[in-house]
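J.: Sending over a structure as structure tokens; questions will come in a sec.
The values are calculated or read from the model by the stated rules, or taken from the named source; none is laboratory data. All figures in this text were calculated on a predicted structure; none of them were measured in a lab. Methodologically, a virtual Cβ is constructed for each residue, glycine included, from the backbone with ideal geometry; neighbour enumeration extends over all protein chains shown.
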Amino acid sequence: MSKVLEGIRVLDFGRYIAGPFCGTLLGDMGAEVIRIEKVDGSEDRFLSPVTEDGDGALFLQLARNKLSMTLNPMKPEGREIVAKLVASADVVVANLPPDTLAAMGLDYPSLTTIKEDIILTMISAFGRGGPYANRVGFDGLGQAMSGNMYMSGTPEQPVKAYAPYVDFGTASLAAFGTMAALFERQKTGKGQVVEGSLFNTALTMMNGTAIEQAAIRRDRVATLNRSQTSAPADTFKTKDGWVLVQSVGGPLFKRWAELMGEGHWLEDPRFKDDISRGDNGAVISERLATWCAERSSAEVLEAMEAVRLPAGPVLSPQQVLDDPHVAAKGLFQDVDYPGLPRPAPLMRTPVELSETPGEIRQRPPTLGEHTDQIMTELGYAEADITRLRQGRVI
């Protein structure tokens, strides 16, 4: 089976999530991705350690299908190695502030003096231009500064999502932009800069709320898990757990009223359309909370499915691993890794293509596992490699 990006080489200078997952997606689609990290290992390798050497859970997710090379690009000989790598590459991925990119020789003008048609995929917290351009930041800043945290939780306690969705969203958009740039290069022979930022992604995801605020000054405040634009849409405690019910549209509201056996909901002007139901959602949530509290989660979900109302259980991480749908579709691929007590369940490429799907072809690399191999390909002799390693250039 052909691979969409076969023959494309990507240099991944990314850290944590936004840059690395962009590289991961490109690797899943067939690109050769070289992860370049610090000589002693970059910090993101060791988050949530799960192996005897301290390699982390997030690293295992984001480093599949990659080669690992250690390198210090700030040393003169390290810069020479960077130049040789760039000359052999199609894409450079780096989620670093613009001034840091320049210091490392990874800014676009520097790269194009080495490889004229190179594509630079740069990801930062706030993007170039504007007063925040050189600020550093993580996913949480995007959540906080986009309005999302303000609209989550309660008015007394803003809440950040546990999942770093801004990072993963930025990575996905950066991979989309990179593939668009590769497609354009096929037509014109020209490279370009692909720029993503956490702030841009977060604002995109909250744009509807910003539009509403600009248009009608709604001044919304947080209502925890209860939707403000439709109902019933909330989390509800059952006899043995929690479920989420999410209803949008008149037909679904009618099914809910019929499930409750209470036609009066359909005659009340407070619930005449989605926005009215959202405005008065606390009343609807209170009724459904009473109904759910009298039943087990299984009973609630069975009743909801019988009338085709969207609902699902609130699962723990272990329950996710045990979920029958996950198993039936094979969404996780068990991958062995040195020092890991049992195989890691890596989530497969999340978008499924019928003819050229992404795939996990090789396990994540150990630190510097492919340094010698890559250096040899670049033309370095064994003695040079030894000397550079002793000098902590590689």
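J.: Given (1) in contact with a strand residue (DSSP E or B) (Cβ under 8 Å, 6 or more places away or on another chain); (2) more than 16 Å from VAL10 (Cα to Cα), identify the lone condition not met by ALA174.
T.: Of (1) in contact with a strand residue (DSSP E or B) (Cβ under 8 Å, 6 or more places away or on another chain); (2) more than 16 Å from VAL10 (Cα to Cα), only one is false for ALA174: (2).
J.: Specify the residue that is nearest to the chain's Cα centre (by Cα); the eligible residues are those in the range 123-141 that are over 14 Å from THR201 (Cβ atoms) and of a type in the set (A, V, I, L, M, F, W, C).
T.: Within the range 123-141, the first condition is being over 14 Å from THR201 (Cβ atoms), and the residues that meet it are 128-136.
Checking which are of a type in the set (A, V, I, L, M, F, W, C) leaves us with 133, 136.
Values: ALA133: 22, VAL136: 18 Å.
Result: VAL136.
J.: State whether the residues of the range 65-82 include one that is within 18 Å of the chain's Cα centre (by Cα) and of a type outside the set (Phe, Trp, Tyr).
T.: Here is the first cut: in the range 65-82, the ones within 18 Å of the chain's Cα centre (by Cα) are 65-66.
Now restrict to residues that are of a type outside the set (Phe, Trp, Tyr): 65-66.
For the range 65-82, residues within 18 Å of the chain's Cα centre (by Cα) and of a type outside the set (Phe, Trp, Tyr): present.
J.: Given the residues MET74, MET29, which is the only one that is at pLDDT below 95 and among the hydrophobic types (A, V, I, L, M, F, W, C)? So that I can check it myself, show each step before the final result.
T.: Values: MET29 fails: at pLDDT below 95.
Exactly one residue qualifies, and that residue is MET74.
J.: Let me ask you something else. Tell me, which helices (runs of 4 or more DSSP H) wholly within the range 3-92 include 1 or more residues that are out of contact with any His (no Cβ under 7 Å at 6 or more places or on another chain) and surrounded by fewer than 19 Cβ atoms within 10 Å (Cβ to Cβ)?
T.: Values: elements: 18-28, 57-62, 76-87.
Fully inside the range 3-92 and qualifying: 57-62, 76-87.
J.: Could I ask something else about it? Say we look at the range 295-309 and pick out the residues that are closer than 15 Å to ARG255 by Cβ and in contact with a Ser or Thr (Cβ under 7 Å, 6 or more places away or on another chain); which of these is surrounded by the fewest Cβ atoms within 10 Å (Cβ to Cβ)? Give the steps one after another, and end with the answer.
T.: Just the residues of the range 295-309 that are closer than 15 Å to ARG255 by Cβ, to begin with: 300-309.
Next cut, in contact with a Ser or Thr (Cβ under 7 Å, 6 or more places away or on another chain) only: 300, 309.
On the way: VAL300: 24, LEU309: 18.
That would be LEU309.
J.: Another question, if that's okay. Condition first: hydroxyl-bearing (Ser, Thr, Tyr), assigned to a loop (DSSP other than H, G, I, E, B) and surrounded by fewer than 21 Cβ atoms within 10 Å (Cβ to Cβ). Can you find one or more residues in the range 106-115 that meet it?
T.: Restricting attention to the range 106-115, the residues satisfying the condition of being hydroxyl-bearing (Ser, Thr, Tyr) are 108, 110, 112-113.
Then keep just the ones that are assigned to a loop (DSSP other than H, G, I, E, B); that gives none.
No, the range 106-115 has no match at all.
J.: Pairs only if they're at least six apart or on different chains, beta carbon under 6 angstrom, first in the range 328-344 and in the same structural domain as LEU58 (by TED's automatic domain parsing), second exposed (fewer than 11 other Cβ atoms within 10 Å of the Cβ) and not in a strand (DSSP E or B); list them, first residue then second.
T.: Final answer for the pair search is GLY339/GLU52; PRO343/ASP336.
J.: Pick out, from the range 181-273, the helices (runs of 4 or more DSSP H) lying fully within it that include 1 or more residues that are closer than 30 Å to ILE119 by Cβ and within 30 Å of the chain's Cα centre (by Cα). Let's see the steps before the verdict.
T.: On the way: elements: 198-205, 207-216, 250-260.
Of the helices (runs of 4 or more DSSP H) lying wholly inside the range 181-273, those with at least 1 residues that are closer than 30 Å to ILE119 by Cβ and within 30 Å of the chain's Cα centre (by Cα) span 198-205, 207-216.
J.: Tell me the residue from ILE284, ILE385 that is outside any loop (DSSP other than H, G, I, E, B), surrounded by 15 or more Cβ atoms within 10 Å (Cβ to Cβ) and either in the same structural domain as LEU25 (by TED's automatic domain parsing) or under 23 Å from the mean Cα position of the chain (by Cα) (or both), please.
T.: On the way: ILE284 fails: either in the same structural domain as LEU25 (by TED's automatic domain parsing) or under 23 Å from the mean Cα position of the chain (by Cα) (or both).
The match here is ILE385.
J.: Follow-up. State all residues of the range 141-164 that are buried (at least 17 other Cβ atoms within 10 Å of the Cβ) and assigned to a helix (DSSP H, G or I); if no residue qualifies, say none.
T.: Correct list: LEU141, GLY142, GLN143, MET145, ASN148, MET149, TYR150.
J.: Yes or no: the range 319-328 includes at least one residue that is part of a loop (DSSP other than H, G, I, E, B) and of a type in the set (A, V, I, L, M, F, W, C). Give the derivation first.
T.: The first filter runs over the range 319-328 and keeps only residues part of a loop (DSSP other than H, G, I, E, B), leaving 322-323.
Still in the list and also of a type in the set (A, V, I, L, M, F, W, C): none.
Looking for residues that are part of a loop (DSSP other than H, G, I, E, B) and of a type in the set (A, V, I, L, M, F, W, C), one finds none in the range 319-328, hence no.
J.: Next question. Being loosely packed, with under 13 Cβ neighbours inside 10 Å and in contact (Cβ under 8 Å) with a residue 60 or more places away in the chain, is that true of even one residue in the range 211-222? If you could, list the steps in order and put the result at the bottom.
T.: Step one: of the range 211-222, the residues loosely packed, with under 13 Cβ neighbours inside 10 Å are 211, 214-219, 221.
Adding the requirement that they be in contact (Cβ under 8 Å) with a residue 60 or more places away in the chain leaves 221.
Yes: one or more hits.
J.: A further question on this structure: Cβ-Cβ below 8 Å, separation at least six or inter-chain, first residue in the range 181-192 and under 21 Å from PRO109 (Cβ atoms), second modelled with pLDDT of 95 or more and part of a helix (DSSP H, G or I): which pairs?
T.: Pairs found: LYS190/GLU184; GLY191/THR112; GLY191/ALA181; GLY191/ARG185; GLN192/ALA181; GLN192/GLU184; GLN192/ARG185.
Rundown of residues vs (1) at pLDDT 95 or above; (2) closer than 15 Å to SER68 by Cα; (3) crowded, with 16+ Cβ neighbours inside 10 Å; (4) in contact with a strand residue (DSSP E or B) (Cβ under 6 Å, 6 or more places away or on another chain), yes/no style:
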{"site": "ALA328", "(1), (2), (3), (4)": "yes, no, no, no"}
{"site": "ARG348", "(1), (2), (3), (4)": "yes, no, yes, yes"}
{"site": "GLU359", "(1), (2), (3), (4)": "yes, no, yes, no"}
{"site": "THR366", "(1), (2), (3), (4)": "yes, yes, yes, no"}
{"site": "GLY379", "(1), (2), (3), (4)": "yes, no, no, no"}
{"site": "GLN390", "(1), (2), (3), (4)": "yes, no, no, no"}
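J.: Can we say THR188 is β-branched (Val, Ile, Thr) and buried (at least 16 other Cβ atoms within 10 Å of the Cβ)? Give the derivation first.
T.: Details: β-branched (Val, Ile, Thr): yes; buried (at least 16 other Cβ atoms within 10 Å of the Cβ): no.
Here the answer is no, as THR188 does not meet what is asked.
J.: On the given criteria, is ALA171 modelled with pLDDT of 95 or more, touching a Pro at 6+ places or on another chain (Cβ under 9 Å) and on the phi < 0 side of the Ramachandran plot? Write out each step before concluding.
T.: Numbers: modelled with pLDDT of 95 or more: yes; touching a Pro at 6+ places or on another chain (Cβ under 9 Å): yes; on the phi < 0 side of the Ramachandran plot: yes.
Against the criterion (modelled with pLDDT of 95 or more, touching a Pro at 6+ places or on another chain (Cβ under 9 Å) and on the phi < 0 side of the Ramachandran plot), ALA171 qualifies.
J.: Got a sec? Which of THR371, THR356, THR349 is in contact with a Pro (Cβ under 8 Å, 6 or more places away or on another chain), touching a residue at least 60 places away in the same chain (Cβ under 8 Å), closer than 22 Å to THR24 by Cα and not aliphatic (A, V, I, L, M)? Give the steps one after another, and end with the answer.
T.: Numbers: THR371 fails: in contact with a Pro (Cβ under 8 Å, 6 or more places away or on another chain); THR356 fails: in contact with a Pro (Cβ under 8 Å, 6 or more places away or on another chain).
None of the others qualify; the one that does is THR349.
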